[in-house]
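The values are calculated or read from the model by the stated rules, or taken from the named source; none is laboratory data. All values derive from a computational prediction rather than experimental measurement. Because the Cβ atoms are built from the backbone with ideal geometry, glycine has one as well, and the counts that use them run over all protein chains shown.
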Amino acid sequence: MPLLPSGKSSATPSQASFLPGDYIARKAAFRNNIITCCLFVMVMGATVGAFVVTHIQWRGLKARYTEVTVACEAEKKKLTQLDTLRAQRAEMMEKAQITASLVERVPRWAVLGELDFRMPMTMRIDALDLKGTRNDIKPASAPKVKTLSGTVAKSKGKGGKDEAPEKPKITAPTFSYALTVTGTALDNNDVADYIASLKQSPVLSGVELTYIKDEKFQDTILRKYEVVATLRTDVDQKALASSLQALVDQRTATVKAMQSGDGHAMAPESGPFSNAEGDGQLEVTDITKGGN
């Protein structure tokens, strides 16, 4: 073994070892193999663990997806039932509107009560004319598109086929009622008061005086009048009941005051408003059916 000038040996540790070189090489190779195997086992364990965890998560997501799908199908059925109920409700509401439009919203006795109780006792009604007119409303339809040849183009569906024409929608008929009242009074002030009172009635609108003229009855000059009005279609039943009750109370108080003051009420069999002669009979005409 050569020596350096300082006196120290220049041999390497392998050269200084007393073990054989092939033994040391085998030991190093074995150690490297052990380390490689450990790393391989660690990598495979991590891979298998990741696969197991991912598979468990996937199974959980699949179960959740199944639950959500079942819930969506149930909600879809509920929505279908809701659409069916809405269609039935719309059909029932349409039938109810048609039925309600055919029912008299203002009873005729209520109209007669308003006309009679609001009339001064020095007046009378000779004739009533009630005429009903049906208001036909045509449903709006989509504008028709014409082709270059002048024919009407047919609408196409999703599959390219011609769509069936829509069924005409049945609308509830509406009616308007015109009332004409003809009668006689002693003076113009009674007619003016009567018209002012009729304008406050909850069942009448558009009350107007058509004419007023003199008419001789026996030896008395009377005032013949004609009043036209329109029946309301949106009458509040509570307001109508309150109005009739107030009119009845007022008429009762007036009759009691006349009885207490004169000892008797005005006799309907005497005076210019008597029906004893047979020429003052009240004529009522109702042509609300079959109006056009």
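Here are some notes:
- Output for region 173-215, where each listed residue is of a type in the set (Ser, Thr, Tyr) and surrounded by fewer than 16 Cβ atoms within 10 Å (Cβ to Cβ): THR174, SER176, THR180, SER205, THR210, TYR211
- Any hit, region 78-86, residues being over 30 Å from THR171 (Cβ atoms) and surrounded by 10 or more Cβ atoms within 10 Å (Cβ to Cβ): yes
- In the set ARG108, ARG124, only one residue is of a type in the set (Lys, Arg) and either touching a Ser or Thr at 6+ places or on another chain (Cβ under 8 Å) or exposed (fewer than 10 other Cβ atoms within 10 Å of the Cβ) (or both); that residue is ARG124.
- If you go through region 219-244 and keep only what is exposed (fewer than 11 other Cβ atoms within 10 Å of the Cβ) and either of a type in the set (Asp, Glu) or modelled with pLDDT of 90 or more (or both), you end up with ASP219, ASP234.
- Selection from region 193-220 of residues that are out of contact with any helix residue (DSSP H, G or I) (no Cβ under 9 Å at 6 or more places or on another chain) and of a type in the set (D, E, K, R): ASP193, LYS199, LYS213, ASP214, GLU215, LYS216, ASP219
- Flag if GLY21 is surrounded by 10 or more Cβ atoms within 10 Å (Cβ to Cβ), modelled with pLDDT under 90 and either more than 30 Å from THR174 (Cβ to Cβ) or touching a helix residue (DSSP H, G or I) at 6+ places or on another chain (Cβ under 6 Å) (or both): yes
- Only listed residue being in contact (Cβ under 8 Å) with a residue 12 or more places away in the chain and either touching a His at 6+ places or on another chain (Cβ under 7 Å) or aromatic (Phe, Trp, Tyr) (or both), chosen from PHE40, PHE51, PHE30, PHE117: PHE117
- So ILE137, is it loosely packed, with under 13 Cβ neighbours inside 10 Å, at pLDDT 60 or above and not acidic (Asp, Glu): yes
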